[in-house]
Amino acid sequence: QVQLVESGGGLVQAGGSLRLSCADSGRTFSSYDMGWFRQAPGKEREFVAAIRWSGGNTYYANSVKGRFTISRDIAKNTVYLQMNSLKPEDTAVYYCAARHLDYEDYDYWGQGTQVTVSS
């Protein structure tokens, strides 16, 4: 069973940086896509970025391209979201998610971590 453990959220000023991490306490991610999503108050959940574990192809929402970078550490079985040039509109609860390649949906989710960007 995939069990996702997140860390790295917090409060930063506009223009600052944070790095979120998501580790699997159980299985390897070798047969998964890993994604980051976020949900701001009063808004729908939004796709942020994803990475295919095998091969490392990455995908980004237009709103974060050039500012956020998703990456993986295979040895540590950990996915990261490096967030630079943060803006107040990036404020949201950020969720790590995993999708097994045999299925369409992201079936495994972390607990969420709050990112707050002040101005």
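Structure notes:
- Pairs where the first residue, in segment 34-49, is more than 20 Å from residue 66 (Cβ to Cβ) and assigned to a strand (DSSP E or B) and the second is open to solvent by 80 Å² or more (accessible area, probe 1.4 Å) and not β-branched (Val, Ile, Thr), C-beta under 7 Å, 6+ apart: 39/45
- Among the residues making up segment 15-41, those that are at pLDDT below 95 and either touching a Pro at 6+ places or on another chain (Cβ under 7 Å) or surrounded by fewer than 13 Cβ atoms within 10 Å (Cβ to Cβ) (or both) are 25, 26, 28, 30, 41.
- Looking only at residues in segment 60-81 that are exposed (fewer than 14 other Cβ atoms within 10 Å of the Cβ) and not basic (Lys, Arg), the one that is farthest from residue 98 (Cα to Cα) is 66.
- Taking segment 75-94 as the range and being farther than 24 Å from residue 15 by Cβ and touching a Cys at 6+ places or on another chain (Cβ under 9 Å) as the test, the residues that pass are 78, 79.
- Here residue 12 fulfils each of the conditions (1) surrounded by fewer than 19 Cβ atoms within 10 Å (Cβ to Cβ); (2) closer than 22 Å to residue 118 by Cβ; (3) under 13 Å from the mean Cα position of the chain (by Cα) apart from (3).
- Residues that are assigned to a loop (DSSP other than H, G, I, E, B) and either β-branched (Val, Ile, Thr) or touching a residue at least 12 places away in the same chain (Cβ under 8 Å) (or both) within segment 67-101 comprise 67, 74, 76, 77, 84, 85, 86, 87, 91, 101, listed in sequence order.
The values are calculated or read from the model by the stated rules, or taken from the named source; none is laboratory data. Everything numeric in this text was worked out from a predicted model, so none of it was measured. We place every Cβ from the backbone using ideal geometry, glycine too, and count neighbours over all the protein chains shown. To get the accessible areas, we keep the full protein, side chains included, count just its heavy atoms, and leave off ligands, DNA and RNA. Shrake-Rupley method; radii C 1.70, N 1.55, O 1.52, S 1.80 Å.
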